[in-house]
Amino acid sequence: MSYSGSGNTGGASNAGGAWSNDGVPPHAFDPELEPELFRGVLTRRVFAFLIDLIVLSVPVILGYLFIAVFGLITLGLGWVLFWLAWPASVVWAIVYYGASLGGPHSATLGMRVMDLELRTFYGAPGYFVLGAMHAVLFWVSVSFLSPFVLLVGFFNGRRRLLHDIVLGTVVINTSVRAPVGQPARTF
């Protein structure tokens, strides 16, 4: 019986009957052949995270201020909305990461400022569910394993963090991939 994507090529067998990975694409980014794609990625990711933290915090702070003022105007009845603020903040963060990492640039605003891009290990751009899961796994891993989870990036050539490895993603430096413009002609 043959299943699609199982590596079974319809009767041809490998030595020893081992399964082959014919259906799995290889890694698109090799740190030995293209080291410039990974140069400075960890430092840039830290600054991109801080920029994204500001982008996420501004609407949340504005929402809390709105609820506080609304509560004053309604003589305290509006403060009941404070119980919605935390779940709304989580939903906002997941939608932000999902939409930005799944968007045409495959990068959050902070990543775009720092010339970073999220790709799958085989080179495809991100998509909404991948971006949302990237954020969720990052926050869960940092919550349970403390910031030591970030040390994983120092010990692999692609500078992937723990949640990158689990999801099969890689963050690359896009400043080296940007096309160089044509010089101005002088006549």
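The values are calculated or read from the model by the stated rules, or taken from the named source; none is laboratory data. This one's a predicted model, so the numbers in the text were calculated from it and none came from an experiment. Because the Cβ atoms are built from the backbone with ideal geometry, glycine has one as well, and the counts that use them run over all protein chains shown. Areas reflect the complete protein model, heavy atoms only, side chains present, ligands, DNA and RNA absent. Shrake-Rupley method; radii C 1.70, N 1.55, O 1.52, S 1.80 Å.
Backbone N atoms of segment 33-72 closer than 15 Å to the 7 Å Cα→Cβ label point of Ala99 belong to residues 55-60. Stretched out straight at 0.36 nm per residue, the stretch from His27 to Trp92 would grow longer than its current Cα-Cα span by 20.2 nm.
Take the Cα of Phe47, go 7 Å toward its beta carbon, and none of the backbone nitrogen atoms of segment 90-106 fall under 15 Å from that spot. Could you calculate the contour length gain from Thr74 to Ile54, that is, 0.36 nm times the residue separation minus the distance between their Cα atoms, to one decimal place in nm? Separation in residues times 0.36 nm, less the Cα-Cα distance, equals 4.2 nm.
Accessible surface area normalised per residue over segment 74-187 is 61 Å², counting heavy atoms of protein chains with a 1.4 Å rolling probe.
Backbone geometry of segment 37-53 corresponds, through the Karplus equation with coefficients 6.51, -1.76 and 1.60 at θ = phi - 60°, to 3J(HN,Hα) couplings of 5, 10, 6, x, 5, 5, 5, 5, 5, 5, 5, 5, 4, 5, 5, 5, 5 Hz, x marking Gly and Pro.
Protein heavy-atom surface of segment 58-187, 1.4 angstrom probe: 76% of the accessible area is carbon and sulfur, with nucleic acids and ligands not counted. Can you figure out the FRET efficiency of Val129 with Ile165, using R₀ = 22 Å and their beta-carbon distance, to the nearest 0.05? The formula returns an efficiency of 0.80 here.
Distances between placed amide hydrogens fall under 5 Å for Leu116 paired with Thr174, all partners being 5 or more residues away or on another chain. Taking θ as phi - 60° and the Karplus parameters 6.51, -1.76 and 1.60, the scalar couplings of segment 84-98 work out to 8, 5, 5, x, 5, 5, 5, 4, 4, 5, 5, 5, 4, 5, x Hz in sequence order, x denoting glycine and proline.
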